[in-house]
1. Checking the structure you have, find out if any residue of the range 47-67 is modelled with pLDDT of 85 or more, outside the structural domain of ASN36 (by TED's automatic domain parsing) and over 23 Å from ASN36 (Cβ atoms).
2. Given the structure, is ARG84 modelled with pLDDT of 80 or more, more than 24 Å from the chain's Cα centre (by Cα) and not aliphatic (A, V, I, L, M)?
Amino acid sequence: MHEDTAPEKRPFLLQGKAEASLGLLQTLEMKVEMINRMAYWTPVRTYRSAVASGVVIETEFQILNTLLAEKAAQLALTESQLLRILSVGVGGL
C-alpha cells in the first residue's frame with residue numbers, strides 16, 4: 001500500500017485482545033461444569049487422563065444407572081399424569 005493513500009481507505013486488521021477471549025472460554029467451561037454438576041451428568045461427560053480401576057468405573061456406572069432410572073421413573077409418572085389430564089379434558093375416562 002502506498003504511503004500517500006488516504007487514511008479512510010487504508011484497511012486495518014481488527015484484533016481482539018487474547019485475554020478477553022480466554023476469559024470467555026473459561027467462563028463457558030465453568031458454566032458447563034456447573035450444569036453437569038447440577039444435572040448429575042459429570043460421570044457421563046468427563047474423560048479421564050489418568051487410569052481408573054475397574055471398581056471405580058463399576059461404581060460410577062452403578063451411580064449413573066441409578067440416576068438414569070430415577071429420571072426415567074419421573075418421566076413415566078409425568079407422562080401418565082399428563083395423559084390422565086388430557087383424557088379428562090377431552091371427555092374420556
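1. No; the residues of the range 47-67 include none that is modelled with pLDDT of 85 or more, outside the structural domain of ASN36 (by TED's automatic domain parsing) and over 23 Å from ASN36 (Cβ atoms).
2. Yes; evaluated as a whole, the condition is true for this residue.
The values are calculated or read from the model by the stated rules, or taken from the named source; none is laboratory data. Computed from a predicted model, the values in this text were never measured in an experiment. Don't worry about glycine lacking a Cβ; one is built from the backbone with ideal geometry, like all the others, and counts go over all protein chains shown.
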